[in-house]
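The structure under discussion appears below in the form of structure tokens.
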Amino acid sequence: MVNGPAEVAAELFASHVGRPPEGVWSAAGRVNLIGEHTDYNLGWVLPFAIPARTYVAAARRDDQVVTVRSVQHPGEVVRASLAELQPGRQRGWSAYVLGVPWALARRGARPGGIDVLVDGHVPVGAGLSSSAALECAAVSAVADLAGSGGDPLSRALTAWSVEHDFVGVPCGVMDQVASMVCTAGHALLVDTRDLATAAVPLDAAGAGLALLVVDTGVTHDNADGQYAARRTACEDAARALGVSSLRELDDVDDAVRRLGDGEARRRVRHVLSENARVLAAVDALRQGDWGGLGRLMDESHASLRDDYEVSSPELDVAVDSVRRAGALGARMTGGGFGGSAIAVIPEEALPAARVAVGAAFEAAGFAAPVLRRVEASTGAHHEAVEAR
Ligand code: GLA
């Protein structure tokens, strides 16, 4: 019998920790189909979970200590007592796990000591939310073992708090909600103002299409600073327009007229037009109008490139080349400045597209991209692992 990744995580836990885990939990990476840089403006997003997952094997301890091991960081065992967990004090990859008992305790739970082993299969730095996958798998494990309950959405907010408050990244809620709540075969429409969610069918294969991720292999050094700068620009614009968030505005033309000719005008035009594109994309998907979805993805990319200015040369080459190879639409996905693009492309065009995109990267002098076909997968859950 071939071991699946959950069994592997359980066995590695047993051999490194010296006893079997009480369970294995997993959570998915995500691709955002459309709705970029809208979440921290309380707008709409439409992500889906991808097949790549992060696995967490865990067992309670009878003291107040947390230990964290990772298959991706062999030989390292990070130990901390619950009492010393504090934002800024624990850093590096293990902070994404150590922040979990801290965030749960802030929400009134009483997690005890725990041993955790992580096996991450979501590519790191590819803009596919490996950090959200780790947080969501770890929240699922720690919350289940502490008996603290919580529905998927409230667990997603705990995971977001790990990233936002403990690790200190000024992100929106999209990635954690996607990783925790998404269902197979569907994208997830999230209204980030009231956190209402709706599953939207996303059966590309059923329509003879493929969802193709083009990973540029680039992670931009400046990405964090640029992300924070975009966020601040939106908050400043909202203040100038007399609203608490850009979500309060729905008349794009009126808002941009009031902002004059500068950068703020373009930033706001992106956010408001992107909100409208998300809702139009949901309609297109519900009507099986894949061509319409593709056009909206193209418009989204142009807006992110020209108005929001978060694309990169590699992302633009990825989008242009996959489109020339027959994609119905393509766009950068995630925060930008590197990471990945997502395309919707006829299945029969896939082999030639792989060659064409690779050739376009080579011609531009860029390192070879990694192309992955993905499908809409399931969010975080407890894994059924057979005892041996
Ligand atoms: C990153 C953040 C998300 C979101 C996207 C841009 O992935 O973590 O919250 O803001 O960028 O849409």
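A dipole drawn for the chain from +1 and -1 charges on Cβ atoms has a positive end, and of VAL122, PRO21, ALA196 the residue lying farthest that way is PRO21. In order along segment 145-152, the Karplus-derived 3J(HN,Hα) couplings, from 6.51 cos²θ - 1.76 cosθ + 1.60 at θ = phi - 60°, round to 6, 8, x, 8, x, x, 7, x Hz, and Gly and Pro are given as x.
Computed about the Cα centre, the dipole magnitude for segment 283-381 is approximately 260 debye when only Lys and Arg (+1) and Asp and Glu (-1) carry charge, each at its Cβ. Classify segment 267-312: rounded, prolate or oblate, from the alpha-carbon gyration tensor (a ≥ b ≥ c, eigenvalue square roots; a/c under 1.5 rounded; otherwise prolate if a/b is larger than b/c)? It is oblate, given that a/c is not under 1.5 and a/b is not larger than b/c.
Work out the length of the dipole vector of segment 1-103 about its Cα centre, built from +1 on the beta-carbon of each Lys and Arg and -1 on the beta-carbon of each Asp and Glu, and round it to the nearest 20 debye.
Computed charge dipole of segment 1-103: roughly 140 debye.
Peptide packing for 142-149, 269-276 was compared via the average number of neighbouring C-beta atoms within 10 Å per residue; ordered from the highest value, the list is 269-276, 142-149. The calculated P(r) of segment 202-374, using every Cα pair and 10 Å bins from 0, goes 10, 35, 32, 19, 4, 0 in percent. When each of the peptides 362-370, 210-218 is scored by how many other beta carbons lie within 10 Å of its residues on average, the order from highest to lowest is 210-218, 362-370. Taken over the chain, the alpha-carbon convex hull comes to 144 cubic angstrom per residue.
Note on the chain: helix-only mean residue ellipticity at 222 nm, from DSSP H runs of 4+ residues weighted -39500 (n - 2.57) and normalised by residue number, equals -12500 deg cm²/dmol.
I need the peptides 277-283, 167-173, 227-233, 100-106 ranked by packing, meaning the mean over residues of other C-beta atoms within 10 angstrom, with the highest value on top.
Sorting 277-283, 167-173, 227-233, 100-106 by mean packing, highest first, produces 100-106, 277-283, 167-173, 227-233.
FYI, it's all coordinate maths here, none of it is from the lab. In this text the structure is predicted, and so the values were computed from the model without any measurement. As a convention, Cβ positions derive from the backbone with ideal geometry for all residues, glycine included, and neighbour counts pool all protein chains shown.
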